[in-house]
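The next block holds one structure in the form of structure tokens; read it before the comments.
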Amino acid sequence: MFDYLIVGAGFAGSVLAERLATRSNKKVLVVDKRNHIAGNAYDHYNEDGILVHKYGPHIFHTNSKDVFEYLSNFTDWRPYEHRVLASVDGQMVPMPINLDTINKLYGLKLNSFEVEEFFESVAEKVPVIKTSEDVVVSKVGRELYEKFFRNYTRKQWGMDPSELDKSVTSRVPTRTNRDDRYFTDTYQAMPLHGYTRMFERLLDHPNIKVMLNTDYHDIMDFIPFKEMIFTGPVDEFFDFKYGKLPYRSLEFKHETLNTENYLAAPVVNYPNDNLYTRITEFKALTGQQHPKTAIVYEYPKAEGDPYYPVPRLENAELYNKYKKLADETPNVHFVGRLATYKYYNMDQVVAQALTLYKKLTEKSAEEAPRKPAISGSTELVEKLVARSPSKP
């Protein structure tokens, strides 16, 4: 008998498995459809021995001391502050837009006070900020919106910024100083030995069993458990009763190049040129020394693995229907990006998982065990778990 069946071995599922196993002495089974742990944060050494992120760059940053200290129990860190350049008008300029961006783009020599006046002179008055377009033009005007945001957003989301909620471009600040860091969080670092190694340590406990290449539907009636923690798509859990929640997906094209360095920054955005949105060079993130370098191109697409919930009012309303079902489903807890249809950063998912753990421990009494369709003997459980190794 497992106390918890956790569906998904990404941040949400792995953090909850660790807490329940180590702090509450619960027996936990973690299952994942993929052949590896760590979810979209999964990294591995490619054929040339370069550490790469399979699903695009994952940069850890947080203002939460609690989250950072919690993860520090499972990894050492490499200090890292992320920087991005954008290819605009034949030049490589800092992104987010800052003082140096404007001076280089227009051949000016403005200071911080003057660039603030510049932004005020080009900004458009928008009475009510509703869309992503409203956010940008109200800050930096129409021309910079066209150069940096409009086409990038069209590629990324498959629709114009005027059709998207304001939250999309609100994530990207505009600066009047020369700070060219992409994030300004208190804690910015990369796991010293990679994300997968960190997840291996999260899940390394005798109370935790991991089954990979496994759909939870295939085992839930054969392995007894008391409660479920679900981190997959909430609409899928309810068999798309109200229709599919829209997502944007990505296609990744990985390459190894016979040169020590390739890009002028860890990530270069291409808002107006090419079908891809950006290129990442992994050695710049990891600090690895290697005579070759590995890069990845990102091509947004409509179909594929669900990565980005599409932030539109009608989608939020559709999600709320599923949320009502989720709230009414006994002994199943929904957590993480896909289960709550929100674009969370990694630290936010960790915080959400830690919050759920606190709620679970505050429950007054355990519910009665779920009765399996077929009684799960110890021998059956061990056979099913043994078929899927916990290490990728």
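The values are calculated or read from the model by the stated rules, or taken from the named source; none is laboratory data. Source: prediction; values computed, not measured. Virtual Cβ from ideal backbone geometry, glycine too; neighbours counted across all protein chains shown.
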Can you report the number of residues in the stretch 220-237 which are surrounded by fewer than 20 Cβ atoms within 10 Å (Cβ to Cβ) and over 21 Å from L356 (Cα atoms)? 4
I'd like to verify a number: residues in the stretch 200-238 that are within 17 Å of the chain's Cα centre (by Cα) and assigned to a strand (DSSP E or B), how many? 1
Hey, does the stretch 253-264 have a residue that's within 21 Å of the chain's Cα centre (by Cα), assigned to a strand (DSSP E or B), of a type outside the set (G, A, S) and surrounded by fewer than 20 Cβ atoms within 10 Å (Cβ to Cβ)? yes
Which of the residues that make up the stretch 112-128 are surrounded by 14 or more Cβ atoms within 10 Å (Cβ to Cβ) and either part of a loop (DSSP other than H, G, I, E, B) or touching a helix residue (DSSP H, G or I) at 6+ places or on another chain (Cβ under 8 Å) (or both)? V115, F118, F119, V122, A123, E124, V126
Among the residues of the stretch 172-199, write down those that are within 29 Å of G8 (Cα to Cα) and either modelled with pLDDT under 95 or in a strand (DSSP E or B) (or both). Y187, Q188, A189, M190, P191
Note: among D165, D185, D179, just one is in the same structural domain as E117 (by TED's automatic domain parsing) and under 30 Å from E116 (Cα atoms), namely D165
The listed residue being more than 20 Å from V349 (Cα to Cα) and free of Cβ contacts under 8 Å to residues at least 24 places away in the same chain, out of H217, H254: H217
A86 passes all but one of the listed conditions (1) under 17 Å from R181 (Cα atoms); (2) assigned by TED's automatic domain parsing to the domain that holds E146; (3) touching a helix residue (DSSP H, G or I) at 6+ places or on another chain (Cβ under 8 Å); the exception is number (2)
Report yes if Y4 is part of a strand (DSSP E or B) and within 22 Å of E236 (Cβ to Cβ), otherwise no. yes
Checking D179, D165 in turn, the sole residue that is of a type in the set (D, E), surrounded by fewer than 20 Cβ atoms within 10 Å (Cβ to Cβ) and touching a helix residue (DSSP H, G or I) at 6+ places or on another chain (Cβ under 8 Å) turns out to be D165
Listed by first then second residue, the pairs whose first member lies in the stretch 226-238 and is among the hydroxyl-bearing types (S, T, Y), whose partner is in a loop (DSSP other than H, G, I, E, B) and surrounded by 20 or more Cβ atoms within 10 Å (Cβ to Cβ), with beta carbons under 8 Å and at least 6 positions apart or on separate chains, are T231/G8; T231/G10; T231/V335; T231/G336
Considering only residues that are in contact with a Pro (Cβ under 9 Å, 6 or more places away or on another chain) and either of a type in the set (F, W, Y) or free of Cβ contacts under 8 Å to residues at least 12 places away in the same chain (or both), which ones fall in the stretch 36-87? Y42, F60, F74, W77, Y80
Which numbered condition L250 fails, given (1) assigned to a strand (DSSP E or B); (2) of a type in the set (A, V, I, L, M, F, W, C); (3) in contact with a His (Cβ under 9 Å, 6 or more places away or on another chain); (4) not assigned by TED's automatic domain parsing to the domain that holds L20: (3)
Residue check, G90 against (1) in contact (Cβ under 8 Å) with a residue 24 or more places away in the chain; (2) surrounded by fewer than 18 Cβ atoms within 10 Å (Cβ to Cβ), all met but one. Which one? (1)
